[in-house]
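Working notes, structure below.
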Amino acid sequence: MAAPVCHLRTAIHGCHRHVLQHARFICPSSTMANRSWVAVRFYAAESAVVKKKFIIQKKASKEPVSKRLTKEDLLEKRKDTERPKPYGLTAWKPSDDVYVARYYRKPTIQPETAIQMLKTFQTLDFTSPNQSVFVQLTLDMKLEKKRKVDPFVGYLHLPFPFVAEPNKVLVFTENAEDAEIAKKNGAAFVGGLELIPQVLNDEVQADFYIATPDIIAKLNILKNKLRKKFPKTKRGSVGNDVANMIKLFEASYEYIVEKECIVQTKIATLNMPVEHIAANLDALVKDVCKHKPLSFGPFVERAILTSTSSEALFIDCHKFFPKEIENMDDD
């Protein structure tokens, strides 16, 4: 009620002043009164104490804050098949051959069909037939209760290699016998502490670095330089069996679990036969599934296949999952 009264009095004084101006007479007191009425406030100002109290109460309140759904939450909601349509989409399946893709869930297709589609895309787009084929696996890292599978690094021998030259392996050792064995088995570089400055200055570079236990403690200066390639026992790159380590890393392909549950790696080139690409994918999925017991269910939640210049295709790789061997006891 105070605000309308203020505006009413301001309007009255304005009219009064307008009448006096037409009569060519302006009273100084009326001008001052007009200004004073404009500045008058007929409501109580909110004190700083009240404001501060309100802010504290708002922060202390446990009301859920509405946030935008993350990509993971959105995918989790769309797994509910009991809904009449997927969350945020138009329907489970399009009713026609021509439709807007973003309004429907991406179809899941068989690996061989997806590989053939990638080859068709390459032909239609006039891109290089030698381009790389990548696969991305989303893993279910949960175990019992609150335990999880720790992120790991895997080394795989693909049945159909796509790299002509073997990997370069550098061997750190101070043992003369181990150094001689490493040279005979095809190590690209062999040496002791004298190799450290060359590695730091990028004069010597290798795909994999292995070491014997007697020298590993002296290589800590290389941790920031080599990072994930630094020799570690749990990765199998530290040991006394130099010959077998070289054979393992010389022809192996490394994959790493990133972002806690994502494996993204190259498995082939697009000019390889469909059967060879599918066999490499099969070998990768089976090797990844070794890192989680089969009793906890499928380790791979989602698989995406793509090439360098194509769109991503969701594939069904359930047939590649390892199966538990049931031991039948004869009575």
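The values are calculated or read from the model by the stated rules, or taken from the named source; none is laboratory data. What you see is a predicted model, and the numbers here were worked out from it, not measured in a lab. Here the Cβ is made from the backbone with ideal geometry for all residues, glycine too, and neighbour counts use every protein chain on show. Calculation scope for accessible area: heavy atoms of the full protein, side chains included, ligands and nucleic acids excluded. Shrake-Rupley method; radii C 1.70, N 1.55, O 1.52, S 1.80 Å.
Side notes on the structure shown:
- Enumeration of residues in the stretch 276-299 that are free of Cβ contacts under 8 Å to residues at least 60 places away in the same chain and within 26 Å of Lys119 (Cα to Cα): Asp282, Lys286
- Residue, least open to solvent (accessible area, probe 1.4 Å), within the stretch 176-218, restricted to residues that are under 31 Å from the mean Cα position of the chain (by Cα) and farther than 16 Å from Leu248 by Cβ: Val199
- Pairing each residue of the stretch 147-168 that is open to solvent by 70 Å² or more (accessible area, probe 1.4 Å) with any residue that is hydroxyl-bearing (Ser, Thr, Tyr) and in a loop (DSSP other than H, G, I, E, B), provided the two are 6+ apart or on different chains, yields C-beta distances under 8 Å for His157/Ser252.
- For the stretch 241-260, filtering for residues that are farther than 30 Å from Lys184 by Cβ and either of a type in the set (S, T, N, Q) or open to solvent by less than 40 Å² (accessible area, probe 1.4 Å) (or both) leaves 2.
- Complete set of residues in the stretch 208-250 that are out of contact with any Phe, Trp or Tyr (no Cβ under 9 Å at 6 or more places or on another chain), without any contact (Cβ under 8 Å) to a residue 60 or more places away in the chain and of a type in the set (D, E, K, R): Asp214, Lys225, Arg227, Lys232, Asp241
- From the options Thr269, Thr308, residue that is in contact (Cβ under 8 Å) with a residue 24 or more places away in the chain, touching a Ser or Thr at 6+ places or on another chain (Cβ under 8 Å), open to solvent by 40 Å² or more (accessible area, probe 1.4 Å) and among the hydroxyl-bearing types (Ser, Thr, Tyr): Thr308
- Helices (runs of 4 or more DSSP H) fully within the stretch 40-143 counting 2 or more residues that are farther than 30 Å from Gly154 by Cβ and modelled with pLDDT of 90 or more: 111-125
- So Gly186, is it at pLDDT below 90 and part of a strand (DSSP E or B): no
- Selection within the stretch 151-178 - part of a loop (DSSP other than H, G, I, E, B) and among the hydrophobic types (A, V, I, L, M, F, W, C): Phe152, Leu158, Phe160, Phe162, Val163, Ala164
- Evaluation of Ala176 against the conditions (1) out of contact with any strand residue (DSSP E or B) (no Cβ under 7 Å at 6 or more places or on another chain); (2) closer than 20 Å to Glu258 by Cα; (3) among the aliphatic types (A, V, I, L, M) shows that the sole unmet condition is (2).
- Listed conditions (1) in a helix (DSSP H, G or I); (2) under 26 Å from Ala312 (Cα atoms); (3) of a type in the set (Val, Ile, Thr) are all met by Ile181, apart from (2).
- Taken across the stretch 225-232, residues that are touching a helix residue (DSSP H, G or I) at 6+ places or on another chain (Cβ under 7 Å), farther than 30 Å from Met272 by Cβ and of a type in the set (Lys, Arg) do occur, with at least one present.
- Just one of the listed residues (Gln205, Gln264) is closer than 28 Å to Ala312 by Cα and either in contact (Cβ under 8 Å) with a residue 12 or more places away in the chain or of a type in the set (Lys, Arg) (or both), and it is Gln264.
- Checking each residue in the stretch 91-142 for being among the polar types (S, T, N, Q), open to solvent by 70 Å² or more (accessible area, probe 1.4 Å) and in contact (Cβ under 8 Å) with a residue 12 or more places away in the chain picks out Thr108, Gln110, Gln116, Asn130.
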